[in-house]
Amino acid sequence: MLKFRITIACLLGGTGLSQAQEQQLVLQDVVGLAQRNSPSYYRAQSRALNSLYAYRYFRAGQLPQLVLGLNNSSSPFGETVEVLQPDGKVEYVRRSTSNTAVNLGLRQNVPWTGGTFSVQSNLNRFDEFTGTTKTNYLATPFSINYNQPSIMYNPFYWERKIAPIAYDESKRQYVEDLEIVALDGTSLFFDALSAQTQERIYQQNVANQDTLFKISKGRFDLGKIAENELLQIELSLLNARNTLEQATLQKEMAYQELKRFLNMPKDADIRLKAPATVPLFNVPLDKAVAEAGSNRQSVLEFRRRRLEANEAVAEARAYSGYEFNLRAQLGQTNNGQTLGRVYSGGEIQQNFSIGVGIPIMDWGRARYRVRQAKANRDLIEIDVQQAERQFEQEVYLQTQQFNIQKNLLASATKADTIARLRYEITKQRYLIGKISITDLNLAQSEKDQAAQNYVYALRNFWRAYYTVRRLTLYDFEKDEKIRYEFQEK
């Protein structure tokens, strides 16, 4: 494919355009501007960054977490509490206290078991201000802890399997999003180009009709044509002027849509130029399907959805009424009235607990929950299989569509050339009185339609071109995978 020469003088700031003079844009200019400055680009960038931070959050959760905790509860104005006496009686006394707790812990999730391992150091200080101030400390300088909420379900296992796939999926989605931006930009470019072409056609028609009217008026004065024919030509001139006004309005509306998409100023002065060349290559069907299966986000999405469905079944089985958890702690603790006392010596403290829960009668509640999860998994599997078939079919059909567009474009180009040539010949024959005005109007109508069909064929070709790129995330022109890097804010 011949490279298009970019005719923008420079790309300035957020708009990329100078308003001092008219700027001519070709298709590649529009695609380039859209992929680095349009609102759609910024949305794609934000989605990609969101996924990046979500993945980094997951990775950070795999590393040890150091946490400092501080808690204080006090009653500076006093409170009434129950105090059990040695003889068994209860007395209500008024006292003012302060209880401060500080703990420093290092926690690490254990992905192979689903539990949490931690090392902690705790210090509690209790002050009583009633009468003589009393201070007591309780310290656990060092303790080793392990907590296993459930041995039947390991959320860390599933997270480690799903999170990397979701991240890779988002990276492919970013590339696909930018290709969608290119496709949308192509559609808006040709909408505006079609409106611009239509305005140009009607401008020419007005000029031609005005010339014919002046010539026909002279011929009428000489008695060479009837008044009816002169009136018909005048009516055609009025209709052409009305149609031109409507075409100018349509062009301005299409221009504004394009400028809004490209994030340009409303008063930016632009002019579009139709692509002069097209890439001359065919896309092999087998390669298109293979590249789509290797590059597309949907392939990873199918895998992720299956994993999530299996995780839901595993979770339903784990929480179907049966419970089994364990907790273990080993450390050293001491208390005293000074810090030096509590951090010297002490007693070994160890705890080990196992919790077991067995449902005796739940009326099938647990069984139905598991069955529901399995039914949902089967439904997802059916949906994914259908999506896979639709995915391959879409790639196949769009590839075929692209491969035939060159022939359709060549036919439209030839038809446009023939129609313009026929109109010029017909106009000359009318001027020498060889044919009627009806034949001339028919030739003009065919010329206008051929010009619009040519732009429409160009549009279909380039839409097919960018559609194949979007579906495969592969540049068949350069024979390489499409890659885009996004910048972290």
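Throughout, read-outs are computed from the coordinates displayed, never taken from laboratory work. These numbers were taken from a predicted model, which means no experiment stands behind them. Reconstructed Cβ throughout: ideal geometry from the backbone, glycine too, with neighbour counts over all protein chains shown.
Would you mind getting me the FRET efficiency between Ile354 and Glu477? Use the beta-carbon distance for r and R0 = 56 Å, nearest 0.05. Present the calculation step by step, with values, prior to reporting the outcome.
Numbers: r = 65 Å, r/R0 = 1.16.
Taking R0 as 56 Å, the efficiency between Ile354 and Glu477 is 0.30.
Could you give the spread of the C-alpha atoms of region 379-489 along their three principal axes, from largest to smallest, in whole angstroms?
If we take the Cα atoms of region 379-489, the spans are 73, 38, 28 Å.
Magnitude of the Cβ-charge dipole of region 93-219, K/R +1 and D/E -1, about the Cα centre, nearest 20 debye? It would help to have the intermediate numbers written out before the result.
Working: 13 positive and 12 negative charges, 89 e Å.
The dipole magnitude comes to about 420 debye.
Rounded to whole Å, give me the distance from the Cα center of region 360-420 to that of region 87-101.
71
Under a straight-distance cross-link criterion of Cα-Cα below 19 Å, which aspartates and glutamates are reachable from Lys224, leaving out those fewer than 8 residues away in the same chain?
Within the straight-line limit of under 19 Å, Lys224 reaches these aspartates and glutamates: Asp210, Glu234, Asp439.
How far is helix 27-37 tilted, in degrees, relative to the longest principal axis of the Cα atoms in the chain, given as a value from 0 to 90 rounded to the nearest 10?
Roughly 20 degrees, rounded to the nearest 10.
State the three equivalent ellipsoid semi-axes of region 208-312, derived from the C-alpha gyration tensor as the square roots of 5 times its eigenvalues, in descending order and whole Å. The partial results should precede the final answer.
On the way: eigenvalues 710, 86, 46 Å².
Semi-axes, largest first: 60, 21, 15 Å.
Could you line up Asp416, Asp269 from fewest to most neighbouring Cβ atoms inside 10 Å? Please list the in-between numbers first.
Working: Asp416 19, Asp269 13.
Final ranking by Cβ density, sparse to dense: Asp269, Asp416.
Cα centroids of region 102-163 and region 265-290: how far apart, whole angstrom?
60
Assign unit charges at the C-beta atoms only (+1 for Lys and Arg, -1 for Asp and Glu), then state the dipole size of the chain relative to its Cα centre in Debye, rounded to the nearest 20.
Values: 61 positive and 53 negative charges, 124 e Å.
So the dipole magnitude of the chain works out to roughly 600 debye.
Within region 359-489, how many Lys pairs sit with Cα atoms under 28 Å apart, leaving out pairs fewer than 8 places apart on the same chain?
Going through region 359-489 pair by pair, I get 10.
Check the straight Cα-Cα distances from Lys251 and name the lysines below 18 Å, setting aside those fewer than 8 residues away within the same chain.
The reachable lysines, counting only those whose Cα sits under 18 Å from Lys251, are Lys259, Lys266, Lys273.
Cα axis of helix 297-318 to longest principal axis of the chain: angle in degrees, 0 to 90, nearest 10?
It is inclined by approximately 30 degrees.
Hand me the trypsin sites (Lys or Arg not before Pro) from region 382-435 located in a DSSP loop with no more than 11 other Cβ atoms within 10 Å, in residue order please.
Numbers: sites: Arg389, Lys406, Lys414, Arg420, Arg422, Lys427, Arg429, Lys434; in loops: Lys434.
Listed in order of number, the matching sites are Lys434.
Using alpha carbons only, how many degrees (0 to 90, rounded to 10) separate the axis of helix 227-261 from the longest principal axis of the chain?
It works out to around 20 degrees.
Express as a percent, rounded to the nearest 5, the fraction of DSSP beta bridges in the chain (both residues included) that run antiparallel. Kindly include the intermediate steps, with their values, before the conclusion.
Details: 65 of 68 bridges.
Roughly 95 percent of the beta bridges in the chain run antiparallel, per DSSP.
Would you compute, from DSSP H runs of 4+ residues alone, the mean residue ellipticity of the chain at 222 nm, taking -39500 (n - 2.57) per run and dividing by the full residue count, rounded to the nearest 500?
Values: 9 runs with 276 residues, N = 489.
Taking each H run of at least 4 residues, the total per residue is -20500 deg cm²/dmol.
If r is the Cβ-Cβ distance from Gln449 to Tyr368 and R0 is 56 Å, what FRET efficiency results, to the nearest 0.05?
Details: r = 65 Å, r/R0 = 1.17.
Between Gln449 and Tyr368 the formula returns 0.30.
Give the residue from Ile151, Ile165, Leu258 lying farthest towards the positive end of the charge dipole for region 133-284; charges sit on Cβ (+1 for Lys and Arg, -1 for Asp and Glu) and the dipole is referred to the Cα centre.
Of the options given, the answer is Ile151.
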